[in-house]
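To start, the structure under review is shown below, and the notes come after it.
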Amino acid sequence: MCGIVGYLGYQNPKDIIVSGLKKLEYRGYDSAGVAILDQGKTKRIRAQGKLKELEDKLQGETFDGHLGIGHTRWATHGKPSERNAHPHQVRGINLVHNGIIENYLEIREELLTEGAVITSDTDSELVAHLIANEIEVTQDLFKAVERTLSKLRGAFSILVMWENQPDHLVAFKDGPPLVVGLGKNEMFVASDVQALIQYTKRFVYLEDREIAYIKGTEVSFFSANGFPIHKKEVELNWNPEMVEKQGFAHYMLKEVYEQPRAVASAIEPHINPDTFSVSLKNIGFGGQSVQKLEELNTAEDWLKTQEVFKKIERVFIVACGTSFYAGTIGKYLIEQLARVPVEVDIASEFRYRKPVVPPNTLVVTISQSGETADTLAAIRLAKELGATTLSICNVRNSTIDREAQGHLYMNSGPEIGVASTKAFTSTLAVINCLSIAIARTREVMSIETEKELVTALLAVPSQMEGVLAFDKYFEEAAAGLKLFRGFLYMGRGISYPIAMEGALKLKELAYMHAEGYAAGEMKHGPLALIDERMAIVMVAPTDQWYDKTISNLEEARARGGKIISIGTGENEKLRSISEYYLAMPKTHWTVSAIISVIPLQLMSYHLACSLGYDVDQPRNLAKSVTVE
Ligand code: G6P
């Protein structure tokens with residue numbers, strides 16, 4: 001959940017590390033720090049709060065050296081403060097850490113007995129002590145790290161430097177992601193390629209329990225017990241502009257506006273626009289590594305995918321947060337279109353509830369980052385239980401992507417805003433393709449229906465653009481929402497998960513209490529909450545659930561609730577009973593969720609902005625949750 005950057009090369013480490021940390025701030029932002037060599041000694045500068053605080057402290061600081069590491073923190077052990085900020089420094093060792101050391105209490109006891117002076121409340125500092133102890137024996141950073149690893153339990157990544165070996169940098173991963181960036185006469189390490197893409201496009205992804213040992217301009221890789229291993233280099237085709245704000249006030253706003261393009265890119269590989277048919281492209285169920293997917297024979301691969309789809313008797317969809325709500329919509333789509341029973345699970349529940357996974361089960365995980373700890377544990381468990389796994393990820397080569405047997409991609413481009421937007425809508429588009437593909441393969445859908453659904457899907461990007469053009473109305477509606485005490489988001493059918501996602505967006509961004517409910521459940525509790533200080537946000541497109549939704553809306557209105565409704569086209573009924581009525585274009589029910597979430601995203605965005613909150617980095621949250 002924290003962000004790590006390291007640099008060894010001929011340039012000024014300070015600029016590279018700070019610019020990398022900026023790209024990683026989404027991973028944690030309660031404190032930050034750097035340790036950079038300066039004339040043979042390490043200068044460490046840390047600050048509580050956002051990266052800006054560190055930048056201010058670094059102004060005017062110069063470093064005469066070429067090695068440095070940096071960190072942006074999301075607190076787990078020890079509250080956010082400067083003394084708990086990384087890097088942790090012990091006798092010339094500097095260390096940054098992401099994740100959790102589970103046996104930290106034992107280690108702490110032992111170190112205290114030996115007389116160690118521990119200056120923070122973190123588990124991370126303890127690792128620096130252990131390495132510093134080992135280095136007294138080995139006089140070599142790599143060996144000291146290797147000897148320390150066997151003493152640590154947990155899921156963690158570390159990056160370490162030692163001022164006595166100014167051309168060495170050692171990284172280890174066992175859980176949270178780490179990638180080595182290969183430059184020309186320079187080497188980088190980071191939690192995420194986004195931090196490095198402006199410097200290099202060549203990367204090596206560390207797998208669990210692997211060490212990267214950078215020595216000068218060379219890097220070599222080892223297993224945790226010191227055996228040399230060969231690693232593959234990956235070349236990315238991202239450009240640096242893809243991770244910049246491009247004139248938008250916030251990343252989130254940029255990402256909301258990128259949704260039409262993101263949805264188009266998500267469906268593009270799988271749809272034949274001439275025949276209006278779906279065939280999933282290069283899924284890789286045949287056992288190919290993610291790096292080789294592009295080289296697959298598409299027709300042969302599609303046959304393999306179809307074999308899997310023919311056999312399945314049950315689908316589980318497992319995810320967290322916004323991805324979980326996308327999965328919930330997946331249940332409606334796959335069950336209704338392909339007639340296969342679907343269970344949707346929150347990953348942290350799935351992994352511990354001893355799920356019954358019968359033979360011929362397909363477990364679909366959804367994760368934008370591909371690094372969410374619970375989702376990763378869920379996919380591992382699913383494999384253990386004999387299920388076939390299929391991941392829907394945004395970040396290619398991420399851990400979940402690598403570990404899954406089949407691979408689908410959101411193709412949204414980097415998503416920086418902590419509150420997920422474009423990855424959500426892209427996922428819904430991918431799930432549409434998946435549902436149609438399963439349905440057609442199992443011969444429960446006619447070619448005509450397939451054509452109708454593909455036509456509806458192809459229309460979505462331009463419909464989304466049409467909706468985005470009405471942003472000023474969403475902003476207006478948001479201005480009217482400030483005074484409410486609470487929010488009840490409701491919908492039926494496919495709009496029910498959208499109501500939950502809308503409520504989540506309001507909580508994440510505007511820090512207001514909101515609940516997402518199935519409109520039919522309103523009578524079973526939430527109705528008691530409704531009065532004139534309660535806003536009801538009703539997602540009510542004209543679909544098979546519409547009439548029932550309207551009855552629920554009337555019931556809420558009769559109790560004084562103020563209504564904001566989202567419906568289809570000019571709808572006099574909704575307009576007359578709502579404080580704000582937001583009209584969406586007419587769509588097929590299978591894609592309506594992709595459209596109706598936009599006003600909910602934008603209302604929360606505008607409300608949060610008008611309250612002065614940081615929409616890209618909401619308090620206490622992180623984009624990539626790599627701890628349980
Ligand atoms: C965090 C983020 C959410 C995201 C969730 C799941 O909570 O703040 O925006 O939906 O993690 O992340 P994933 O990367 O697995 O989709």
Using Cα positions and a limit of under 12 Å, work out the aspartates and glutamates in reach of Lys232, with same-chain residues fewer than 8 apart set aside.
-> Glu207
Would you mind computing the Rg to Rh ratio of the stretch 464-551 from its alpha-carbon coordinates, Kirkwood style for Rh?
-> 0.97
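Taking square-rooted eigenvalues a ≥ b ≥ c of the alpha carbon gyration tensor, is the stretch 182-304 rounded, prolate or oblate, where a/c under 1.5 means rounded and, failing that, a/b exceeding b/c means prolate? Could you put the intermediate results ahead of the total?
Values: a/c = 2.94, a/b = 1.30, b/c = 2.26.
It is oblate, given that a/c is not under 1.5 and a/b is not larger than b/c.
Tally Lys/Arg at +1 and Asp/Glu at -1 over every other residue whose Cβ is under 11 Å from the Cβ of Ala132; what's the total? Don't jump to the answer; show the numbers that get you there.
On the way: positive: Arg91; negative: Glu125, Glu134, Glu136.
Neighbour charge sum, excluding Ala132 itself: -2.
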Contour minus end-to-end for Glu136 and Asp64, with contour as 0.36 nm per residue of separation and end-to-end as the Cα-Cα distance?
-> 23.3 nm
Asp345's amide H: which non-local residues (gap 5+, or another chain) put their own amide H closer than 5 Å, with H modeled 1.01 Å from N in plane and none for Pro or chain starts?
-> Ile317, Val318, Ala319
In the chain, helical segments from DSSP H whose Cα atoms cover 24 Å or more along their own axis and that average at least -1.0 on the Kyte-Doolittle scale are 422-441, 447-468, 589-610
Using only Cα atoms, what is the ratio of the radius of gyration of the stretch 1-55 to 2.2 N^0.38 Å?
-> 1.10
The size of the Cβ-based charge dipole (Lys, Arg +1; Asp, Glu -1) of the chain about the Cα centre, to the nearest 20 debye, is 520
Can you figure out the FRET efficiency of Glu554 with Lys472, using R₀ = 45 Å and their beta-carbon distance, to the nearest 0.05?
-> 0.95
Could you give the C-alpha radius of gyration of the stretch 470-610 expressed as a fraction of 2.2 N^0.38 Å, taking N as the number of residues it contains?
-> 0.92
Label-to-label distance, nm, for residues given as Thr119 and Asp274 (7 Å Cα→Cβ offset) | 6.8
Cα-based reach from Lys523 at 21 Å (exclusive), listing lysines while leaving out same-chain residues under 8 positions away = Lys548, Lys562
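Any of Lys304/Lys505; Lys354/Lys623; Lys22/Lys586 with alpha carbons more than 30 Å apart? Name them for me. Don't jump to the answer; show the numbers that get you there.
Working: Lys304/Lys505 38 Å; Lys354/Lys623 28 Å; Lys22/Lys586 41 Å.
Where the Cα-Cα span goes over 30 Å, the pairs concerned are Lys304/Lys505; Lys22/Lys586.
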Full extension from Gln39 to Lys245: what is 0.36 nm times the residue separation minus their Cα-Cα distance, to one decimal in nm?
-> 70.5 nm
Multiply the residue gap between Asp547 and Lys354 by 0.36 nm, knock off their C-alpha separation, and tell me the result in nm, one decimal place.
-> 65.6 nm
Amide H contacts under 5 Å for Ile100, restricted to residues at least 5 apart in sequence or on another chain and with H modeled in the peptide plane, are Ala155, Phe156
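Using a Förster radius of 22 Å, what is the FRET efficiency between Asn620 and Glu55 based on their Cβ-Cβ separation? Nearest 0.05, please. Spell out each step's value before the answer.
Numbers: r = 22 Å, r/R0 = 0.99.
FRET efficiency, Asn620 to Glu55: 0.50.
First measure r as the distance between the Cβ atoms of Ala299 and Glu465, then evaluate 1/(1 + (r/R0)^6) with R0 = 30 Å and state the FRET efficiency to the nearest 0.05. Present the calculation step by step, with values, prior to reporting the outcome.
Working: r = 34 Å, r/R0 = 1.13.
The calculated FRET efficiency here is 0.35.
A short reminder: the numbers here are calculations on the coordinates, not readings from a lab. The shown structure was predicted, so the numbers you read here are calculated from the model rather than taken from an experiment. Cβ coordinates were reconstructed from backbone atoms using ideal geometry, including for glycine residues, and neighbour counts include every protein chain displayed.
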